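Worksheet: one structure, shown below.
Throughout, read-outs are computed from the coordinates displayed, never taken from laboratory work. Just so we're clear, the structure is a prediction, and the values are computed from it rather than from any experiment. We place every Cβ from the backbone using ideal geometry, glycine too, and count neighbours over all the protein chains shown.
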Amino acid sequence: MKANVYLNFNGSCRDAFEFYAKTLTGRDLQIMTFADSNPGPNAGLKPEELKMVMHARFMAGDTPIMGSDAPGGRYEKPQGFGVSLGVDTPSEAERIYAAFSEGGQISMPIQETFFAQKFAMLTDRYGIPWIIVCEKRM
């Protein structure tokens, strides 16, 4: 079994995924809209919803990160989880933290902890909660 991240947005999926892929040095970014699926007139989508992202995906290291917009008023604010990013160096943690915290809300500023060289918790400008960890070498 393998669990992957799938994020939902309220119309900002394209902007978020372009930002995430750039910041996380992602590769193979794919973005497909509802219009790309040729949904037909009975799909129940409003004209403005056809521009929304039906599926987005990129690779962050060996991990796929996926997401979509939630049309038809089905969006719900994320809660009760955080996407954890395990990074290799303190400088990488600092770089990602700086980018993700811009316009976001910091829960725990980046700092050293008993288990990590760098650790931080924040919610980015798109409403997604992140945990950034650069573990200490034991």
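Label sites at residue 1 and residue 105, each approximated as a point 7 angstrom past Cα along Cα to Cβ, lie 3.1 nm apart.
Taking the alpha carbon gyration tensor of segment 16-138, multiplying each eigenvalue by 5 and rooting it gives semi-axes of 33, 15, 11 Å, largest first. In this rough spin-label picture, where each label sits 7 Å from Cα along the Cβ direction, the residue 10-residue 75 distance is 0.5 nm.
Which shape class applies to segment 5-69: rounded if a/c is under 1.5, otherwise prolate when a/b exceeds b/c and oblate if not, where a ≥ b ≥ c are the square roots of the Cα gyration tensor eigenvalues? It is prolate, given that a/c is not under 1.5 and a/b is the larger ratio.
Each DSSP beta bridge with both residues in segment 1-79 is either parallel or antiparallel, and the antiparallel ones are about 65%. The gain in end-to-end length when the residue 112 to residue 83 segment is fully stretched comes to 8.5 nm, 0.36 nm per residue minus the alpha carbon separation. Per-residue ellipticity at 222 nm, computed for the chain from helices alone with -39500 (n - 2.57) per DSSP H run of at least four residues, works out to -5000 deg cm²/dmol. Segment 109-138 to segment 5-31: how many Å between their Cα centroids? Between the Cα centres of segment 109-138 and segment 5-31 lies a distance of 20 Å.
In summary, the aspartates and glutamates within cross-link reach of residue 77, defined as a Cα separation below 15 angstrom excluding same-chain residues under 8 places away, comprise 69, 124. How tilted is helix 90-101 with respect to the longest principal axis of the chain? Cα atoms for both, answer in degrees (0 to 90, nearest 10). Orientation of helix 90-101: about 40 degrees from the principal axis.
A 28 angstrom limit on the alpha carbon distance is what I want to check against. Which of 2/46; 22/46; 22/51; 2/51 exceed it? Listed pairs above 28 Å: 2/46; 22/46; 2/51.
For segment 83-135, the dipole from Cβ point charges (+1 on Lys and Arg, -1 on Asp and Glu) about the Cα centre works out to 140 debye, to the nearest 20. Backbone amide hydrogens, once placed in the peptide plane, bring residue 130 within less than 5 Å of 83, 122, 123, 124, excluding anything fewer than 5 places away on its chain. The length gained on full extension between residue 135 and residue 43, counted as 0.36 nm times the residue separation minus their Cα-Cα distance, comes to 28.4 nm. Candidates 104, 3, 133 compared by Cα position along the dipole of the chain: farthest toward the positive end lies 3, with charges placed on Cβ.
Taking the Cα centre of segment 5-69 as origin and assigning +1 to Lys and Arg Cβ atoms and -1 to Asp and Glu Cβ atoms, the resulting dipole is close to 40 debye. For residue 55, the residues 5 or more places off, or on other chains, whose built amide H falls under 5 Å of its own are 32. Using the Karplus relation 6.51 cos²θ - 1.76 cosθ + 1.60 with θ = phi - 60°, the per-residue 3J(HN,Hα) values for segment 54-69 come to 7, 7, 10, 7, 8, 9, 10, x, 9, 10, x, 10, 10, x, 6, 7 Hz, with x marking Gly and Pro.
From the square roots a ≥ b ≥ c of the eigenvalues of the alpha-carbon gyration tensor of segment 83-135, which class results: rounded (a/c under 1.5), prolate (a/b over b/c), or oblate? Judged from the Cα gyration tensor, segment 83-135 comes out prolate (a/c at least 1.5, a/b above b/c). Computed from Cα positions, the angle between helix 13-23 and the longest principal axis of the chain comes to roughly 30 degrees.
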